[in-house]
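Asker: Below you will find the structure I want to go over with you.
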Amino acid sequence: MEPKKTALFDVHQKLAKKIVEFGGYLMPVQYSSIIQEHKRVRSTVGMFDVSHMGEFIFKGQNALDFLNEMTINDVSKLVDYQAQYSAMCYDHGGIVDDLLVYRFPDYFMMVVNASNTEKDWDWLSEHRRDGVEMENVSDSITLLAVQGKKSSAALQKLTALDLSLIKFYHFAEAKLTDVPMTISHTGYTGEPGFELYFDQKYSLKVWDAVMDAGREFDIEPIGLGARDTLRLEMKYCLYGNDIDETTNPLEAGLGWITKLRKGDFVGRGTLLRVKEEGVRRKLIGFKMNERAFPRHGYKIFKGGGEIGRVTSGTVSPMLNTGIGMGYVPAAFSAVGTSIEIGIRGELKRAAVCETPFYHPEA
């Protein structure tokens, strides 16, 4: 199957140094350099085209109950114009996907990972009940993430809406550069920022307007490479690396979004047993104690014996130190525990550390 292109592909083709297939789409990895783009978001503002993400709309009298049954967080706690980070699980507790749920006055929107859009749609369709209308609008929406300390200052030039009134994980329906859209105070970088959802026919207009508004802050387009290092510095999970159908939310450190007391949901029985028995392994963060670059798939050792594998790893652009995540037996998950990472035939010293790895400045 031919990879898809976002509505801004021509822009990326002109500006990006490297484009690869990701989640079924041709997406920019970097424009200048991953380190430069990473530091741009940490210092002022950058813009990501994340239109490859999937969006589903849910309507009907039973939409709320359906979403509460299919996700692990408590959808009933959402008020209008509030968003929620959540996940879906299989009956055995493994993760189908991590996602966002948005509550509008008369419908809900779910935002899912690009690589899982078809799988998620099929999973939800299999479980759909009467009184629930579902629509996959993924191919009609452009999604831009404008992230960084100057994101609000840049975007405020383009809208009459007072962006300071949108609380974290809340959103508004308004016009920005005269384009109707959903403006969401969310993101996956650890920095202040917004995600803009709008009809893809306005893609170039909005892209150009935001780039122009952000020029005084040296705004840059940001690729998937920096998106990955930014989320890793915050210990945010990436589906397919840190979480998947073989991992459950409790061992992945997502117990805070797993509402076991809200009532029944898919996977709850298994997760109750896991909680009662105690997790056998945990997703830890670690820092290298010597110069080394940990990568996905590298083995984790303790005293010369293999105890796990690295799920995500990089050299942090902000800390200039190798950092990573991986699952290890719970007995080796305490902060300060010495471990080793197998890198090119050598064991490199590391230690379990507190996360997030990097704490963005206010």
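The values are calculated or read from the model by the stated rules, or taken from the named source; none is laboratory data. Everything numeric here is computed off the predicted structure, so don't read it as measured data. For neighbour counting, all protein chains shown are included, and Cβ atoms are generated from backbone atoms with ideal geometry for every residue, glycine included.
Asker: Looking at the range 19-32, I want the residues that are without any contact (Cβ under 8 Å) to a residue 24 or more places away in the chain and of a type in the set (Lys, Arg) and have a partner that is surrounded by fewer than 19 Cβ atoms within 10 Å (Cβ to Cβ) and in a strand (DSSP E or B) with Cβ atoms under 6 Å, at least 6 apart or on another chain. Which pairs are those?
Answerer: Partner pairs satisfying both residue conditions: none exist.
Asker: Now a separate question. Applying the selection to the range 39-72, what residues are crowded, with 22+ Cβ neighbours inside 10 Å, touching a Lys or Arg at 6+ places or on another chain (Cβ under 6 Å) and in a loop (DSSP other than H, G, I, E, B)?
Answerer: Correct list: Val45 only.
Asker: Criterion first (among the aliphatic types (A, V, I, L, M), out of contact with any Asp or Glu (no Cβ under 9 Å at 6 or more places or on another chain) and assigned by TED's automatic domain parsing to the domain that holds Glu290) does Ile307 satisfy it?
Answerer: On the way: among the aliphatic types (A, V, I, L, M): yes; out of contact with any Asp or Glu (no Cβ under 9 Å at 6 or more places or on another chain): yes; assigned by TED's automatic domain parsing to the domain that holds Glu290: yes.
When the stated conditions are applied, Ile307 passes them.
Asker: Could you say which residue among Asp120, Asp130, Asp162 is out of contact with any Phe, Trp or Tyr (no Cβ under 7 Å at 6 or more places or on another chain), charged (D, E, K, R), farther than 19 Å from Gly46 by Cβ and crowded, with 21+ Cβ neighbours inside 10 Å? So that I can check it myself, show each step before the final result.
Answerer: Working: Asp130 fails: crowded, with 21+ Cβ neighbours inside 10 Å; Asp162 fails: crowded, with 21+ Cβ neighbours inside 10 Å.
The match here is Asp120.
Asker: (1) touching a strand residue (DSSP E or B) at 6+ places or on another chain (Cβ under 8 Å); (2) part of a loop (DSSP other than H, G, I, E, B); (3) surrounded by fewer than 22 Cβ atoms within 10 Å (Cβ to Cβ): which one isn't true of Pro180, the others all being true?
Answerer: The number of the failed condition is (2).
Asker: For the range 332-341, what are the residues that are crowded, with 17+ Cβ neighbours inside 10 Å and part of a strand (DSSP E or B)?
Answerer: Ile339, Glu340, Ile341
Asker: Shifting gears a bit: Say we look at the range 342-360 and pick out the residues that are farther than 23 Å from Arg231 by Cα and touching an Asp or Glu at 6+ places or on another chain (Cβ under 7 Å); which of these is surrounded by the fewest Cβ atoms within 10 Å (Cβ to Cβ)?
Answerer: Only one residue fits best here, namely Arg349.
Asker: Kindly check whether there is at least one residue in the range 15-29 that is more than 21 Å from the chain's Cα centre (by Cα), under 19 Å from Ser203 (Cα atoms), modelled with pLDDT of 95 or more and not assigned by TED's automatic domain parsing to the domain that holds Pro360. First the steps, then the outcome.
Answerer: If we filter the range 15-29 for residues that are more than 21 Å from the chain's Cα centre (by Cα), which is where we start, we get 15-18.
Subsequent filtering for residues that are under 19 Å from Ser203 (Cα atoms) retains 15-16.
Filter once more, keeping what is modelled with pLDDT of 95 or more: 15-16.
Next cut, not assigned by TED's automatic domain parsing to the domain that holds Pro360 only: 15-16.
Within the range 15-29, one or more residues are more than 21 Å from the chain's Cα centre (by Cα), under 19 Å from Ser203 (Cα atoms), modelled with pLDDT of 95 or more and not assigned by TED's automatic domain parsing to the domain that holds Pro360.
Asker: Let me ask you something else. Being modelled with pLDDT of 95 or more, under 22 Å from the mean Cα position of the chain (by Cα) and in a loop (DSSP other than H, G, I, E, B), is that true of even one residue in the range 203-222?
Answerer: yes
Conditions (1) assigned by TED's automatic domain parsing to the domain that holds Ser164; (2) closer than 14 Å to Lys149 by Cβ; (3) not hydrophobic (A, V, I, L, M, F, W, C), marked per residue:
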{"site": "Ser184", "(1), (2), (3)": "yes, no, yes"}
{"site": "Tyr188", "(1), (2), (3)": "yes, no, yes"}
{"site": "Phe194", "(1), (2), (3)": "yes, yes, no"}
{"site": "Lys201", "(1), (2), (3)": "yes, no, yes"}
{"site": "Val206", "(1), (2), (3)": "yes, no, no"}
{"site": "Glu216", "(1), (2), (3)": "yes, yes, yes"}
{"site": "Ile219", "(1), (2), (3)": "yes, yes, no"}
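Asker: Still on this structure, I have one more. Can you find a residue that is under 17 Å from the mean Cα position of the chain (by Cα) and either assigned by TED's automatic domain parsing to the domain that holds Val335 or not in a helix (DSSP H, G or I) (or both) anywhere in the range 263-273? Break it down into steps so the answer makes sense when it comes.
Answerer: Initial filter on the range 263-273 (under 17 Å from the mean Cα position of the chain (by Cα)): none.
No, because not a single residue in the range 263-273 is under 17 Å from the mean Cα position of the chain (by Cα) and either assigned by TED's automatic domain parsing to the domain that holds Val335 or not in a helix (DSSP H, G or I) (or both).
Asker: I would also like to ask the following. Could you check how many residues of the range 1-21 are in contact with a helix residue (DSSP H, G or I) (Cβ under 9 Å, 6 or more places away or on another chain) and in a helix (DSSP H, G or I)?
Answerer: Matching residues across the range 1-21 total 2.
Asker: Further question: Do we find a residue being surrounded by fewer than 18 Cβ atoms within 10 Å (Cβ to Cβ), out of contact with any Phe, Trp or Tyr (no Cβ under 9 Å at 6 or more places or on another chain), in a strand (DSSP E or B) and touching a residue at least 24 places away in the same chain (Cβ under 8 Å) anywhere in the range 311-331?
Answerer: yes
Asker: Kindly check whether there is at least one residue in the range 255-263 that is surrounded by fewer than 20 Cβ atoms within 10 Å (Cβ to Cβ), in contact with a Phe, Trp or Tyr (Cβ under 8 Å, 6 or more places away or on another chain) and aliphatic (A, V, I, L, M).
Answerer: yes
Asker: Criterion first (surrounded by fewer than 19 Cβ atoms within 10 Å (Cβ to Cβ) and either of a type in the set (D, E, K, R) or without any contact (Cβ under 8 Å) to a residue 24 or more places away in the chain (or both)) does Asp242 satisfy it? Walk me through how you get there before you give the answer.
Answerer: Values: surrounded by fewer than 19 Cβ atoms within 10 Å (Cβ to Cβ): no; either of a type in the set (D, E, K, R) or without any contact (Cβ under 8 Å) to a residue 24 or more places away in the chain (or both): yes.
Considered against the rule, which asks whether it is surrounded by fewer than 19 Cβ atoms within 10 Å (Cβ to Cβ) and either of a type in the set (D, E, K, R) or without any contact (Cβ under 8 Å) to a residue 24 or more places away in the chain (or both), Asp242 comes out as no.
Asker: Here's a follow-up. Hey, Leu144 hits all of (1) touching a strand residue (DSSP E or B) at 6+ places or on another chain (Cβ under 7 Å); (2) over 30 Å from Gly24 (Cα atoms); (3) of a type in the set (A, V, I, L, M) but one; which does it fall short on?
Answerer: (2)
Asker: Pairs needed: first member in the range 127-148, closer than 24 Å to Asp91 by Cβ; second member anywhere, among the aliphatic types (A, V, I, L, M) and in a loop (DSSP other than H, G, I, E, B); C-beta distance under 8 Å; at least 6 residues apart or different chains.
Answerer: Here the result reads His127/Val266, each pair linking the range 127-148 to a residue that is among the aliphatic types (A, V, I, L, M) and in a loop (DSSP other than H, G, I, E, B).
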